[in-house]
1. For B:HIS14, which of the numbered conditions (1) modelled with pLDDT under 95; (2) within 19 Å of B:ASP119 (Cβ to Cβ) fails to hold?
2. Within segment B:42-88, track down each residue that is charged (D, E, K, R) and within 21 Å of B:ALA101 (Cβ to Cβ).
3. Give segment A:84-109 a look and list any residue that's facing another protein chain (nearest Cβ under 7 Å), of a type in the set (Gly, Ala, Ser) and either within 27 Å of A:ALA18 (Cβ to Cβ) or touching a Gly at 6+ places or on another chain (Cβ under 6 Å) (or both), or say none.
4. Quick one: A:ARG72 ticks every box in (1) at the interface with chain B (Cβ under 8 Å from one of its Cβ atoms); (2) not in a loop (DSSP other than H, G, I, E, B) except a single one, so which number is it?
5. Mind telling me which of the residues B:ALA229, B:ALA205 ends up being closer than 25 Å to A:ASP75 by Cα, assigned to a helix (DSSP H, G or I) and open to solvent by 40 Å² or more (accessible area, probe 1.4 Å)?
6. Going residue by residue through segment B:183-201, is there one that turns out to be closer than 26 Å to B:PRO106 by Cβ, at pLDDT 95 or above and of a type outside the set (A, V, I, L, M)?
7. In this structure, does A:CYS51 turn out to be away from every other protein chain (no Cβ under 11 Å), touching a residue at least 40 places away in the same chain (Cβ under 8 Å) and either surrounded by fewer than 19 Cβ atoms within 10 Å (Cβ to Cβ) or not charged (D, E, K, R) (or both)?
8. Only residues in segment B:37-56 that are farther than 10 Å from B:VAL123 by Cβ and more than 14 Å from chain A (Cβ to nearest Cβ) count as the first member; pair them with residues that are hydroxyl-bearing (Ser, Thr, Tyr) and buried (at least 17 other Cβ atoms within 10 Å of the Cβ), Cβ under 6 angstrom, at least 6 apart or cross-chain, and list the lot.
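The values are calculated or read from the model by the stated rules, or taken from the named source; none is laboratory data. Computed from a predicted structure; not experimentally measured. Virtual Cβ from ideal backbone geometry, glycine too; neighbours counted across all protein chains shown. Accessible surface areas use protein heavy atoms only, side chains included; no ligands, DNA or RNA. Shrake-Rupley method; radii C 1.70, N 1.55, O 1.52, S 1.80 Å.
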Amino acid sequence: MHELGITRSIVEIAEENARRQGAQRVLSVTIEIGDLAGVIPDSVAFCYEVCCEGTLLAGSELLIRQVKGKGRCRDCGADIDLDTTTFNCSTCGSYALERLQGEELRVIEMEIE
Amino acid sequence: MCIDCGCGPAEASHHHHDHKHDHDGKTVKIEEDLLAKNNRLAGNNRQLFADKELFVLNLVSSPGSGKTSILERTLSDLKEEICFAVLEGDQQTANDADRIAATGVPALQINTGTGCHLDAHMVGHGVETFDLNATDLLMIENVGNLVCPASFDLGEDFKVAVLSVTEGEDKPLKYPQMFRAAKMMLINKIDLLPHLRFDVEKCKAFARQVNPEITILELSCHSGEGMEAWYTWLRQGVAGKKAAADSKGA
């Protein structure tokens with residue numbers, strides 16, 4: 001639902017960096033979205049073209065790296081794979097899970113000319 | 001094929017590019033968090049609230065759970081004892097701020113327009129209208145939405161999730177992000193329980209599955225049942241914030 005705002009931030013961050021580099025235009029932007037970040041990659045991709053209009057990013061390509069959710073059980077110490085519907089440890093059943101990876105929401109790099 | 005966007009049935013999960021097509025450009029590292037700006041502003045708000053010894057709650061729920069009604073009752077009952085200010089977030093209308101202002105407590109309406117949540121920037125400017133030196137407890141009523149407000153830190157001490165018994169008891173499982181982020185869950189409208197098939201114990205168990213640390217109170221802002229426990233928690237929060245500031249200053 002807030003993907004439009006998130007996508008605007010991607011374009012803002014990339015454009016600001018591109019201007020600083022003196023770029024004429026941005027060819028591609030690479031972002032990272034964790035599976036537990038609460039942001040739907042499809043929706044970001046959907047909003048991207050519209051958000052780029054009239055900016056240095058117009059016509060650029062969006063590359064999305066999805067990051068798998070990973071966590072650790074505070075009770076038995078097991079490392080487990082997490083998705084948004086995992087609430088308890090697959091080994092011991094405990095609900096005390098610590099998230100280690102998967103909440104990423106970052107602009108990684110871009111290609112400019 | 002979908003007539004709106006042209007996606008076919010085989011593309012139910014769209015293919016995401018994670019490889020570049022052939023460009024001759026120069027690659028520049030950015031490594032910037034997308035929520036960094038909001039988080040920075042939320043940090044500024046949090047510092048301001050600490051300086052002003054202000055206890056701040058961010059009330060979140062689906063529309064119609066009774067956030068504004070809980071606030072009205074709370075303000076009426078406690079306003080002689082605690083100095084409140086209220087920020088009201090809604091897409092449109094000043095109805096909620098008008099309801100709060102009728103209790104005599106300073107209130108400001110923030111309209112987000114098409115936006116689905118309050119962000120730290122709106123809150124930072126919103127509080128400029130209050131005399132924070134004369135305020136103990138700032139209540140921020142977020143836009144009724146169990147999805148997006150979970151991701152946007154406003155600088156609050158705690159999120160309070162309100163769930164009313166006219167909703168499904170499995171809401172915590174359906175919107176785990178929000179219930180994981182909340183310190184407190186208020187189960188509201190319990191005066192209606194005799195007429196409904198809502199299973200309170202099941203609801204509490206679901207909430208603890210997504211957040212083992214969550215505190216849960218059952219109340220009805222209509223009948224007043226359970227409100228005293230909520231008031232005790234608020235008093236403790238206000239006192240705790242002042243004690244933290246005093247120990248820092250000493």
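1. Failing condition for B:HIS14: (2).
2. B:LYS67, B:GLU72, B:ARG73, B:ASP77, B:LYS79, B:GLU80, B:GLU81, B:GLU88, listed by residue number.
3. Scanning segment A:84-109 gives no hits.
4. Among (1) at the interface with chain B (Cβ under 8 Å from one of its Cβ atoms); (2) not in a loop (DSSP other than H, G, I, E, B), A:ARG72 violates only (1).
5. Going through B:ALA229, B:ALA205 in turn, the sole match is B:ALA205.
6. For segment B:183-201, residues closer than 26 Å to B:PRO106 by Cβ, at pLDDT 95 or above and of a type outside the set (A, V, I, L, M): present.
7. Values: away from every other protein chain (no Cβ under 11 Å): yes; touching a residue at least 40 places away in the same chain (Cβ under 8 Å): yes; either surrounded by fewer than 19 Cβ atoms within 10 Å (Cβ to Cβ) or not charged (D, E, K, R) (or both): yes.
Against the criterion (away from every other protein chain (no Cβ under 11 Å), touching a residue at least 40 places away in the same chain (Cβ under 8 Å) and either surrounded by fewer than 19 Cβ atoms within 10 Å (Cβ to Cβ) or not charged (D, E, K, R) (or both)), A:CYS51 qualifies.
8. Filtered contacts from segment B:37-56: B:LEU54/B:THR135.
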